[in-house]
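As structure tokens, the structure follows; a few thoughts come after it.
The values are calculated or read from the model by the stated rules, or taken from the named source; none is laboratory data. Keep in mind it's a predicted model, so treat the numbers as computed, not measured. Every residue, glycine as well, gets a Cβ built from its backbone with ideal geometry; the counts of neighbours run over all protein chains shown.
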Amino acid sequence: MNTATVRLYNTFTRRKEDLRPLDDGVVRIYSCGPTVYRFAHVGNLRTFMLPDLLRRSLDYLGYRSEQVMNITDVGHLTDDAFDRGEDKMLVAARLEKKAPEEIAAAYTEAFLDDIGKVNIRPAAQYPRATAYVPRMIELIQQLVANGHAYEVGGNVYYDIASFPAYGRLSRNTTDKLMAGARGEPDPRKRHPGDFTLWKAAGQHRTQVWDSPWGPGFPGWHIECSAMSMSIFGDRFDIHTGGADNVFPHHEAEIAQSEAIAGHRVVSLWMHGGLLMLSGTRMAKSAGNFFRITELEEQGFDPLAFRYLALQAKYRAPLNFGTEGLAGADRALDQLREKVAQWSRQAGSIDESWDSRFRAVLADDLDLPVAMALVADLVRSDVTPGAKAATLIAWDRVLGLDLNRAARERPLPAGASALLAARQKARDARDFARSDELRDQLASLGVTVIDTAEGQRIKP
């Protein structure tokens, strides 16, 4: 298949590499998905936007893509960095007085609704961790048999000393892990950095499975090894996640999967930058987050968040604020209005501009440069019809619904009276008064344009 050469940044090697799909022209992508114990916030949505933009870009460049995104509904502890705490699903179940299955079903449905609001296309499959527990047990048995794991009192731990490459993804060493350990190390572990593969069930736990080591439940990290290799086999092209997944989750996943397969499983690791609020990572645990529906209730188009996210490189942190979101909201409406106007004329995609857009996508999904190209095209002397056709084609990647009509926005208090007074002043040819009223309208955030048909409000 004749496809463009795509270069992507590989977290594992810390450099851009040519994408070389295992199957010619088909790129298989596994994405770490949500733990469905609460609503997803917009920081989560930014992470999930990465594989969406990756797939859209690859499709635009002539590839086929197949994405799997897991749903974690068991085993994700409240202190995942140090392998301890309560299972988040059971905490939510207790607080809401519901069964874990009800919690998972409700928040999975909400997650799918929310990603739809920001035009994240559905994955081909959404495997649930609880459906793969038998496969997890099989993998843990293999790890124990191969000397990579050990059992103590019904708990099974991965022995990181058995995997010399442990720490390569995150650039951690065993000394760093020791230095970073909080509190008293678990005395059952051979090394404080050893992580849980299977945890013995305590009394009154509601999610329990039988195993060779007694009743218990799987650790978070083994879940993705089981699901990814069950669906894609022991080799696939790209694994995506957030920057906060690099350690310990993806580091542990590499140790598990490669110890079982005996070779490299994932060709390329991609991680999205975190969304920051007032300089702090947006997180459910910190309580400093917004859900996309909250922003919608405040009057923002959900795709204004997508527009805002496109302004930053996918692997760089992005500071979020409602002022920036408001600017993105206005810019998106203005762009849609221009596309609607230009679409009244016939035109076709401008191949010269499109080749520049394709080159930007192929260079590690450089969406900020792609958005700069959008602005340059808008200001260019390309014919209106060709501008519209080109922008609508690019929107297959951008996902901004540029062929949707701009929204009617409510006017600020007092603006209607000022507009009526200004129209009277124009009719009376009192241009000084007209200019004075224009300035008053501008102070309210209303920009007026005079046309042959009369005054018009600029969105």
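The figures follow:
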| read-out | value |
| --- | --- |
| Qualifying position, being over 19 Å from residue 145 (Cβ atoms), surrounded by fewer than 21 Cβ atoms within 10 Å (Cβ to Cβ) and not assigned by TED's automatic domain parsing to the domain that holds residue 30, among 205, 264, 281, 188 | 281 |
| Meets criteria (part of a helix (DSSP H, G or I) and of a type outside the set (Phe, Trp, Tyr)) for residue 330 | yes |
| Some residue of segment 389-397 being surrounded by 17 or more Cβ atoms within 10 Å (Cβ to Cβ), among the β-branched types (Val, Ile, Thr) and more than 29 Å from the chain's Cα centre (by Cα) | no |
| Among (1) outside any strand (DSSP E or B); (2) in the same structural domain as residue 204 (by TED's automatic domain parsing), the one test that residue 217 misses | (1) |
| Residue tally, condition modelled with pLDDT under 85 and surrounded by 11 or more Cβ atoms within 10 Å (Cβ to Cβ), over segment 427-443 | 0 |
| Residue list for segment 1-46, filter: among the basic types (Lys, Arg) and without any contact (Cβ under 8 Å) to a residue 60 or more places away in the chain | 14, 15 |
| Restricting segment 291-314 to residues that are of a type in the set (D, E, K, R) and surrounded by 16 or more Cβ atoms within 10 Å (Cβ to Cβ), the residue that is farthest from the chain's Cα centre (by Cα) | 301 |
| Any hit, segment 399-411, residues being more than 23 Å from residue 330 (Cβ to Cβ) and either in the same structural domain as residue 331 (by TED's automatic domain parsing) or not acidic (Asp, Glu) (or both) | no |
| Within segment 221-324, strands (runs of 3 or more DSSP E) holding 3 or more residues that are on the phi < 0 side of the Ramachandran plot and of a type in the set (D, E, K, R) | none |
| Residue within segment 193-201 that is more than 26 Å from residue 101 (Cα to Cα) and part of a loop (DSSP other than H, G, I, E, B) present | yes |
| Entirely in segment 19-109, the strands (runs of 3 or more DSSP E) that have 3 or more residues that are buried (at least 19 other Cβ atoms within 10 Å of the Cβ), modelled with pLDDT of 90 or more and under 21 Å from the mean Cα position of the chain (by Cα) | 26-31, 64-69 |
